[in-house]
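To start, the structure under review is shown below, and the notes come after it.
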Amino acid sequence: MARGSEPAAATLARARLDPAILAAPTLRDWTKNQVAGEWSAQAVVDELQAQAEAASGNDLSRLEGMLTIQAHTLDALFNTCARTSALNAGEFPEAMERYMRLALRAQAQCRATIETLAEIKNPKSVAFVRQANIAGGHQQVNNAARAERSNQGNEILEGDDSGRWLEQGTQSEAILSDSSVATVGARDRAEVSRGQGACGEEQP
């Protein structure tokens, strides 16, 4: 139905996306042999929209009844497939396994349906716990000390009293102050002849 003076294209788009209108033909195809009487698409759409409005208003009685009935139906499917599996146990093992798998699927769906119904009836409470920062004072002290060290490092990199910038990669003269380390390589290489390896063995 059009809303006020909206264009016809908008009305058709809203109708094509309406869940109740989309579900009505599906219900007709799957229930035409289950309920006797004349089919009225508009009546089905009106009923579906009424049920949707009831659910939006927190009236879940119809949905709870639906889940309960579906759980019973799935339980019936489980028992039917389980009995059929037992009848094929001796002579047809493949059929036995196939029906047992169907029975277990129906059982799993029945359990899931019951769990959903229980969740609707008794929803789980969600607790929001505010975490207290117990070490907040220590963190502030550490952050302050870290900031002070960072400022000191920046002052060293910026320059000295003479106004010259200091480079972080400047080499220190203390690296080459140990003369004994510098001459070890030259002295040791002189003791190893060109025709010997590191263990004194002659090389071909």
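The values are calculated or read from the model by the stated rules, or taken from the named source; none is laboratory data. Note that the structure is a prediction, hence the values are computed from the model and not measured. We place every Cβ from the backbone using ideal geometry, glycine too, and count neighbours over all the protein chains shown.
Test residue 115 against the stated conditions and say whether it is among the acidic types (Asp, Glu) and modelled with pLDDT of 70 or more. I'd like the intermediate steps shown before the answer.
Working: among the acidic types (Asp, Glu): yes; modelled with pLDDT of 70 or more: yes.
For residue 115, the condition - among the acidic types (Asp, Glu) and modelled with pLDDT of 70 or more - is met.
Contact map, region 67-94: first residue in the same structural domain as residue 107 (by TED's automatic domain parsing), second residue polar (S, T, N, Q) and assigned to a helix (DSSP H, G or I), Cβ cut-off under 7 Å, separation 6 or more or different chains; pairs are 67/113; 67/116; 70/113; 71/113; 74/109; 74/113; 78/107.
Quick grid of which residues meet (1) part of a helix (DSSP H, G or I); (2) acidic (Asp, Glu):
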| position | (1), (2) |
| --- | --- |
| 29 | yes, yes |
| 34 | no, no |
| 39 | no, no |
| 43 | yes, no |
| 47 | yes, yes |
| 53 | yes, yes |
| 59 | no, yes |
| 62 | yes, no |
| 79 | yes, no |
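Within region 25-53, the set of residues being at pLDDT 90 or above and among the small types (Gly, Ala, Ser) comprises 40, 41, 43, 50, 52.
Please verify whether residue 50 is of a type in the set (A, V, I, L, M), within 22 Å of residue 114 (Cβ to Cβ) and out of contact with any Pro (no Cβ under 9 Å at 6 or more places or on another chain), treating the condition exactly as stated. Against the criterion (of a type in the set (A, V, I, L, M), within 22 Å of residue 114 (Cβ to Cβ) and out of contact with any Pro (no Cβ under 9 Å at 6 or more places or on another chain)), residue 50 does not qualify.
Within region 1-24, the residues that satisfy the criterion of being part of a loop (DSSP other than H, G, I, E, B) and modelled with pLDDT under 90 are 1, 2, 3, 4, 5, 6, 7.
Residues in region 1-41 that are among the basic types (Lys, Arg) and under 34 Å from the mean Cα position of the chain (by Cα) were compared, and the one that is farthest from residue 53 (Cα to Cα) is 16.
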